[in-house]
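Asker: Encoded as structure tokens, here's the structure I'll be asking about.
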């Protein structure tokens, strides 16, 4: 670890562009940056495990390649964590997303945060699955459980939630504008459209409800919100929606995913 208390890891997942050249040129000028290249693409899940394994810091913040770190976001996050040593998790939402939670907000436990989301806006628990949204204490991440959940779309959330349940610690939802998802983001994990992402969300939220004993949590409300938002975006700005998602809509499997999200899964109800 450098004297500033910060390290930057870049795990190049066998990219085919100039990522390596750029990262190595920056590393030559920035001693706190460590770069390596995987010999083959080990997938987003494998790369996540690798970063967690190699990280030496007290806190982990794994930022996806489709998310932008806004000016001042890093400095504000470091100050927040240093000023409040009891924090085990600092949450940032995409600057264009409204979680409907008054921010900044601090919760004594992760269960308290889940209960507030269930009361105010269940979908915030889905938006919170964005990898870049979470800065968490390294020892509050259950690596073994995350590995067991590797087949899901949210191994990072299962590992973090189980670790927070076991280790405890306070949670803070930041108000500072820190991350923004790029409009040209990849359509899905490893650029492959999930066959049933909504089912994964329902299973994860159902697991949270039982694991943390929050019976008022209704996972189906989050899926219904997703469907309503999709309809709203299409009906308000159809040309803009097609333009912004053209790169994704060129994939044949995207159309089945799109139709399911729009018409079917949003109307399902979980018992």
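The values are calculated or read from the model by the stated rules, or taken from the named source; none is laboratory data. The model shown is predicted, which means the values in this text are computed figures rather than measured ones. Heads up, the Cβs are rebuilt from the backbone with ideal geometry, glycines too, and the neighbour counts pull from every protein chain shown.
Asker: If only one of 229, 220 is at pLDDT below 90 and in the same structural domain as residue 145 (by TED's automatic domain parsing), which one is it? Give the steps one after another, and end with the answer.
Answerer: Details: 220 fails: at pLDDT below 90.
Going through 229, 220 in turn, the sole match is 229.
Asker: For the stretch 178-201, how many residues are more than 16 Å from the chain's Cα centre (by Cα) and modelled with pLDDT of 75 or more?
Answerer: The number of residues fulfilling the criteria is 1.
The rows are residues; the columns are (1) surrounded by 15 or more Cβ atoms within 10 Å (Cβ to Cβ); (2) in a helix (DSSP H, G or I).
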position	(1), (2)
62	yes, no
75	no, yes
78	yes, yes
82	no, yes
88	yes, no
100	no, no
106	no, no
111	yes, yes
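Asker: A further question on this structure: Restricting attention to the stretch 129-155, report how many residues are buried (at least 22 other Cβ atoms within 10 Å of the Cβ) and under 8 Å from the mean Cα position of the chain (by Cα).
Answerer: 1
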